[in-house]
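First the structure, in the form of C-alpha coordinates, and then the observations on it.
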Amino acid sequence: MHVVCRLCVIGLASSHPLLDPELRKHIGDVIKVEFADNVKNSVIKGKRKKQSLRLMPSTKLCTIHTSDGKEYVVRAAIKGVLMEWNARLETDPTLVSRCPEQGFVAIIKPSTDDNQKIFSDCVPAI
(Lines give C-alpha, C1' and ligand atoms only; values in the text may rest on other atoms or scores of the structure.)
Protein backbone atom coordinates (compact mmCIF):
# COMPACT_ATOMS: atom_id res chain seq x y z
CA MET A 1 0.00 0.00 0.00
CA HIS A 2 1.22 3.50 -0.86
CA VAL A 3 -0.38 6.71 0.40
CA VAL A 4 -0.28 9.49 -2.19
CA CYS A 5 -2.42 12.62 -1.94
CA ARG A 6 -4.52 10.92 0.73
CA LEU A 7 -5.27 7.96 -1.55
CA CYS A 8 -4.21 4.37 -0.90
CA VAL A 9 -3.15 2.10 -3.72
CA ILE A 10 -4.01 -1.46 -2.69
CA GLY A 11 -1.91 -4.31 -4.06
CA LEU A 12 0.02 -7.32 -2.89
CA ALA A 13 2.64 -6.86 -0.18
CA SER A 14 6.21 -7.43 -1.35
CA SER A 15 6.31 -10.45 0.97
CA HIS A 16 3.26 -12.09 -0.66
CA PRO A 17 3.95 -15.60 -2.05
CA LEU A 18 2.72 -14.58 -5.52
CA LEU A 19 5.59 -12.07 -5.77
CA ASP A 20 8.26 -14.63 -4.85
CA PRO A 21 9.46 -16.56 -7.94
CA GLU A 22 10.64 -19.52 -5.82
CA LEU A 23 7.34 -19.86 -3.98
CA ARG A 24 5.35 -19.41 -7.20
CA LYS A 25 6.86 -22.68 -8.45
CA HIS A 26 4.84 -24.43 -5.75
CA ILE A 27 1.62 -22.41 -5.91
CA GLY A 28 1.34 -21.91 -9.66
CA ASP A 29 0.88 -18.85 -11.81
CA VAL A 30 -1.97 -16.38 -11.55
CA ILE A 31 -4.71 -17.42 -13.98
CA LYS A 32 -7.65 -15.29 -12.87
CA VAL A 33 -8.50 -12.25 -10.78
CA GLU A 34 -12.16 -12.28 -9.81
CA PHE A 35 -13.47 -9.02 -8.37
CA ALA A 36 -16.29 -9.11 -5.84
CA ASP A 37 -19.70 -8.24 -7.33
CA ASN A 38 -20.12 -5.22 -5.05
CA VAL A 39 -16.79 -3.85 -6.34
CA LYS A 40 -17.57 -4.50 -10.02
CA ASN A 41 -21.05 -3.01 -9.72
CA SER A 42 -20.08 0.05 -7.69
CA VAL A 43 -20.89 3.46 -9.10
CA ILE A 44 -17.69 5.49 -9.30
CA LYS A 45 -18.53 8.90 -10.70
CA GLY A 46 -18.84 12.52 -9.73
CA LYS A 47 -16.37 14.95 -8.25
CA ARG A 48 -16.59 13.63 -4.69
CA LYS A 49 -17.58 10.03 -5.54
CA LYS A 50 -20.50 10.26 -3.10
CA GLN A 51 -22.18 7.17 -4.54
CA SER A 52 -19.02 5.06 -4.46
CA LEU A 53 -18.79 1.85 -2.47
CA ARG A 54 -18.00 2.35 1.20
CA LEU A 55 -15.35 -0.11 2.35
CA MET A 56 -14.48 -1.60 5.70
CA PRO A 57 -11.08 -3.21 6.40
CA SER A 58 -12.60 -6.68 5.96
CA THR A 59 -14.38 -5.89 2.67
CA LYS A 60 -13.37 -8.40 0.01
CA LEU A 61 -12.05 -6.68 -3.11
CA CYS A 62 -11.09 -9.70 -5.19
CA THR A 63 -9.94 -13.30 -5.23
CA ILE A 64 -6.74 -14.26 -7.05
CA HIS A 65 -6.75 -17.80 -8.49
CA THR A 66 -3.60 -19.77 -9.36
CA SER A 67 -3.01 -22.64 -11.79
CA ASP A 68 -2.54 -25.01 -8.83
CA GLY A 69 -6.03 -24.24 -7.52
CA LYS A 70 -4.96 -21.93 -4.71
CA GLU A 71 -7.03 -18.83 -3.97
CA TYR A 72 -5.92 -15.61 -2.29
CA VAL A 73 -8.51 -13.10 -1.07
CA VAL A 74 -7.49 -9.44 -1.18
CA ARG A 75 -9.33 -7.23 1.31
CA ALA A 76 -9.57 -3.44 1.54
CA ALA A 77 -7.53 -3.37 4.78
CA ILE A 78 -8.74 0.17 5.58
CA LYS A 79 -12.02 1.99 6.02
CA GLY A 80 -12.70 4.28 3.09
CA VAL A 81 -14.33 4.87 -0.29
CA LEU A 82 -13.53 2.93 -3.46
CA MET A 83 -12.16 5.36 -6.04
CA GLU A 84 -11.09 2.84 -8.70
CA TRP A 85 -10.69 -0.88 -9.24
CA ASN A 86 -8.22 -2.25 -11.77
CA ALA A 87 -10.37 -3.79 -14.52
CA ARG A 88 -7.17 -4.63 -16.46
CA LEU A 89 -6.65 -7.54 -14.08
CA GLU A 90 -9.72 -9.28 -15.51
CA THR A 91 -8.13 -9.48 -18.97
CA ASP A 92 -4.48 -9.70 -17.86
CA PRO A 93 -4.42 -11.31 -14.39
CA THR A 94 -0.66 -11.91 -14.49
CA LEU A 95 -0.11 -8.16 -13.97
CA VAL A 96 -0.62 -8.84 -10.25
CA SER A 97 2.63 -10.80 -10.03
CA ARG A 98 4.46 -9.80 -13.22
CA CYS A 99 4.21 -6.03 -12.81
CA PRO A 100 2.86 -5.08 -9.35
CA GLU A 101 2.92 -1.33 -10.12
CA GLN A 102 0.39 -1.81 -12.94
CA GLY A 103 -1.21 -4.79 -11.22
CA PHE A 104 -2.63 -2.86 -8.30
CA VAL A 105 -6.04 -4.05 -7.12
CA ALA A 106 -7.79 -0.82 -6.15
CA ILE A 107 -7.44 2.80 -5.12
CA ILE A 108 -9.17 3.80 -1.90
CA LYS A 109 -9.73 7.18 -0.30
CA PRO A 110 -9.32 6.57 3.45
CA SER A 111 -12.04 7.84 5.75
CA THR A 112 -9.38 9.35 8.02
CA ASP A 113 -6.65 11.89 7.41
CA ASP A 114 -4.46 10.24 10.04
CA ASN A 115 -1.58 8.70 8.06
CA GLN A 116 -0.26 6.92 11.17
CA LYS A 117 -3.63 5.18 11.57
CA ILE A 118 -3.66 4.18 7.90
CA PHE A 119 -0.15 2.72 8.08
CA SER A 120 -0.85 0.90 11.32
CA ASP A 121 -3.86 -0.82 9.69
CA CYS A 122 -1.95 -2.05 6.62
CA VAL A 123 1.27 -3.64 5.51
CA PRO A 124 3.27 -0.75 3.99
CA ALA A 125 5.23 -1.24 0.79
CA ILE A 126 8.93 -1.82 1.33
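The values are calculated or read from the model by the stated rules, or taken from the named source; none is laboratory data. For clarity, every value in this text was computed on a predicted model and none was experimentally measured. Side chains are part of the model used for accessible areas, which takes the heavy atoms of the whole protein and leaves out ligands, DNA and RNA. Shrake-Rupley method; radii C 1.70, N 1.55, O 1.52, S 1.80 Å.
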Heavy-atom accessible area per residue, the stretch 48-90, 1.4 Å probe: how many Å²? 55 Å²
If I compute solvent accessible area with a 1.4 Å probe over the protein chains, what percent of it on the stretch 55-106 is carbon and sulfur? 50 percent
Ignoring everything but the protein chains, give the 1.4 Å probe accessible area of Leu19 in square angstrom, nearest 10. 40 Å²
